1. Just to confirm, what accessible area per residue do you get for the chain at 1.4 Å probe, in whole Å²?
2. Would you rank Arg72, Arg122, Arg199 by solvent-accessible area, highest first, keeping every protein chain in place and using a 1.4 Å probe?
3. Rank-order 79-92, 274-287 by packing density, defined as the average count of other C-beta atoms within 10 Å over each peptide's residues, highest first.
4. Projecting each Cα onto the charge dipole of region 147-248 (Lys/Arg +1, Asp/Glu -1 at the beta carbon, about the Cα centre), which of Pro225, Pro160, Ile182 comes out farthest on the positive side?
5. Subtract the Cα-Cα distance of Ala178 and Lys113 from 0.36 nm times their separation in residues, and report this length gain in nm to one decimal.
6. Can you list residues whose amide H is under 5 Å from Ser78's amide H, if they're 5+ apart or on another chain and H is modeled 1.01 Å from N?
7. What's the Cα-based Rg to Rh of region 133-235, Rh via Kirkwood?
8. Compute log10 of I(q)/I(0) for the chain with the Debye formula, placing one identical point scatterer on every Cα and leaving out solvent, at q = 0.12, 0.14, 0.16 Å⁻¹, to two decimals.
Amino acid sequence: MVKNKKTKADEPASSGKLLDELRVPPGPVDLSAYDTRATTGFSGSKEDGKVALDGLGADVSDWQERLYAEGRKGGQRSILLVLQGMDTSGKGGVIRHGAGLMDPQGLRITSFKAPTPAEKRRGFLWRIRQALPGPGIIGIFDRSHYEDVLIARVRNLVAPPVWNRRYEQINDFEAELADSGITLIKCFLHISPEEQKIRLEARLDDATKHWKYNPADIDERELWPDYAEAYQAALENCNGPEAPWYVIPSDRKWYRNWAVTTLLLETMQSLDPQWPTADFDVKAEKARLATT
């Protein structure tokens, strides 16, 4: 994958992790410089990728349970996975294949649609705050607060001074989340217009997928350059150290699923949640149990 030019000082220390390889470097972002069919960090075929994703299951489940247990016993840490991308980029697919490896009781999945009039009156971050994961929980956002600097910008739903102010509001909000113990993983699922066309055609050709098709997708597709510009601005302006962006090459569905799940696993491992110690006398409880 070809990345934007950056200096050595801009580069995070290499650890051989996918978190480092897919992280967007500080500075200007040119999405055309990112290969949407890349398989960064993975060498193998499509079948190899599917096997590798299944192979992550045991580790993902174990680390998720550790995080959940920590949260049930007073820990304050949690994870928020933000999924953004053009229509058909695969937000739902990531959730099915990645979240499917985890225990539902430790997940909170929220799909954001157009805000209601009541939500609009409360400010664009209000409904986001209501969906934040509690201690020990992994939250997954299918779309997010970034819609308010994406579609709101492209479709002129608010005046330019309004959406321009939102970048700084988002940065302050995400810094607040980091301070409260929420680790953000923000993934832009990057597909090409050619691949999107193929996926839309597939939906039209398969009656079982007609429910996924929205005629408005064609209207949005005509605005592709505007959306690319809006995404680039979001990645540039809201890419702080507490909440960096990751560009996920998404023309290959199998790689996309493996990559996002790997980022989630590496994040849990970096948090290193530990099994809570017993707050009771284990030996005494064994003795009591033996008498029953």
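1. I get 51 Å² per residue for this part.
2. Arg122, Arg72, Arg199
3. Packing proxy ranking, top to bottom: 79-92, 274-287.
4. Projecting each Cα onto the dipole axis, the largest value belongs to Pro225.
5. Taking 0.36 nm per residue and subtracting the Cα distance, the gain is 20.9 nm.
6. Gly136, Ile182, Thr183
7. 1.04
8. The calculated log intensity ratios at q = 0.12, 0.14, 0.16 Å⁻¹ are -0.81, -1.10, -1.44.
The values are calculated or read from the model by the stated rules, or taken from the named source; none is laboratory data. Model, not experiment: these values are computed from the prediction. Ideal geometry is used to build each Cβ from the backbone, glycine not excepted, and the neighbour counts take in all protein chains shown. Side chains included, ligands, DNA and RNA excluded: accessible areas come from the protein's heavy atoms. Shrake-Rupley method; radii C 1.70, N 1.55, O 1.52, S 1.80 Å.
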